[in-house]
1. What's the number of the only condition in (1) out of contact with any Ser or Thr (no Cβ under 8 Å at 6 or more places or on another chain); (2) over 30 Å from Pro96 (Cβ atoms); (3) of a type outside the set (Ser, Thr, Tyr); (4) assigned to a loop (DSSP other than H, G, I, E, B) that Asp49 fails to meet?
2. Lys66 - would you say it is in contact with a His (Cβ under 9 Å, 6 or more places away or on another chain), in a helix (DSSP H, G or I) and not assigned by TED's automatic domain parsing to the domain that holds Lys136?
3. If only one of Lys66, Lys112 is basic (Lys, Arg) and either surrounded by 17 or more Cβ atoms within 10 Å (Cβ to Cβ) or modelled with pLDDT of 95 or more (or both), which one is it?
4. Filtering segment 1-25 down to residues that are touching a Pro at 6+ places or on another chain (Cβ under 9 Å) and without any contact (Cβ under 8 Å) to a residue 40 or more places away in the chain, which residue is farthest from Leu46 (Cα to Cα)?
5. Determine which member of the set Thr73, Thr86, Thr130 is within 30 Å of Leu21 (Cα to Cα), touching a strand residue (DSSP E or B) at 6+ places or on another chain (Cβ under 8 Å) and polar (S, T, N, Q).
6. Cβ-Cβ below 7 Å, separation at least six or inter-chain, first residue in segment 95-109 and touching a residue at least 60 places away in the same chain (Cβ under 8 Å), second among the charged types (D, E, K, R): which pairs?
7. Confirm whether Ala34 is of a type in the set (Gly, Ala, Ser), modelled with pLDDT of 95 or more, surrounded by fewer than 18 Cβ atoms within 10 Å (Cβ to Cβ) and not in a loop (DSSP other than H, G, I, E, B).
Amino acid sequence: MSSNTLIEILRKGEAFLAQKLVASPRLEAQLIFAHFLNLRRIDLFLQPDRPLNPIELETLREALKKKAAGFPTAHILGVKDFYGRTFSVSADVLIPRPETEELVEHVLKEIKETMHIADLGAGSGCIGLTLALELKAPHVALIDISAPALAEAN
């Protein structure tokens with residue numbers, strides 16, 4: 001087995017993150033590898049002998065170094081799932097949290113239909129856009145003082 005196979009490099013990545021005391025090093029490595037190799041996590045184990053090319057190796061190396069340095073995984077990946085949808089995130093916005101999904105659930109229980117939604121301090125737009133899509137609201141306004149944050153909202 002070549003030392004540049006997917007499973008070998010994944011194991012090295014896990015060991016590196018564990019050595020750097022990253023919480024859940026196996027999960028973090030799998031998330032990073034799956035994202036940057038455009039695979040599902042299960043595919044990491046279904047294609048163990050897949051060779052990795054130099055560009056893939058360098059991309060993974062840089063992502064693992066960022067994770068070891070303490071960067072949030074969502075910022076490394078540039079995306080975060082929220083309420084069944086994927087949102088762009090960067091250091092310019094807060095990372096959507098599970099507690100925020102609970103807020104959306106609460107709003108959806110209380111409001112059955114609406115014509116307008118305004119999300120003040122929108123950041124990634126995950127709250128306003130999710131509510132607009134779930135409630136089929138024809139109008140949504142995402143408002144934020146930060147232009148870079150609004151650029152993330154999609």
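The values are calculated or read from the model by the stated rules, or taken from the named source; none is laboratory data. From a predicted model like this one, the values you see are computed outputs, not experimental measurements. FYI the Cβ positions are ideal-geometry reconstructions off the backbone, even for glycines, and counts take in every protein chain you see.
1. The single condition Asp49 does not satisfy is (1).
2. Judged against the criteria, Lys66 is a match.
3. Working: Lys112 fails: either surrounded by 17 or more Cβ atoms within 10 Å (Cβ to Cβ) or modelled with pLDDT of 95 or more (or both).
That would be Lys66, the only listed residue that is basic (Lys, Arg) and either surrounded by 17 or more Cβ atoms within 10 Å (Cβ to Cβ) or modelled with pLDDT of 95 or more (or both).
4. Pass one, segment 1-25, residues touching a Pro at 6+ places or on another chain (Cβ under 9 Å): 1-2, 4-8, 10, 13-19.
Still in the list and also without any contact (Cβ under 8 Å) to a residue 40 or more places away in the chain: 8, 10, 14-15, 18-19.
On the way: Glu8: 13, Leu10: 13, Glu14: 18, Ala15: 20, Ala18: 23, Gln19: 26 Å.
So the residue we want is Gln19.
5. Details: Thr73 fails: touching a strand residue (DSSP E or B) at 6+ places or on another chain (Cβ under 8 Å); Thr130 fails: within 30 Å of Leu21 (Cα to Cα).
Of the residues listed, the single one that is within 30 Å of Leu21 (Cα to Cα), touching a strand residue (DSSP E or B) at 6+ places or on another chain (Cβ under 8 Å) and polar (S, T, N, Q) is Thr86.
6. none
7. Details: of a type in the set (Gly, Ala, Ser): yes; modelled with pLDDT of 95 or more: yes; surrounded by fewer than 18 Cβ atoms within 10 Å (Cβ to Cβ): yes; not in a loop (DSSP other than H, G, I, E, B): yes.
Yes, satisfied.
So that you can scan it fast, the table gives a plain yes or no per residue for (1) farther than 30 Å from Glu134 by Cα; (2) among the basic types (Lys, Arg); (3) surrounded by 17 or more Cβ atoms within 10 Å (Cβ to Cβ):
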site: Ala15; (1), (2), (3): yes, no, no
site: Arg41; (1), (2), (3): no, yes, no
site: Leu44; (1), (2), (3): yes, no, yes
site: Ile55; (1), (2), (3): yes, no, no
site: Lys80; (1), (2), (3): no, yes, yes
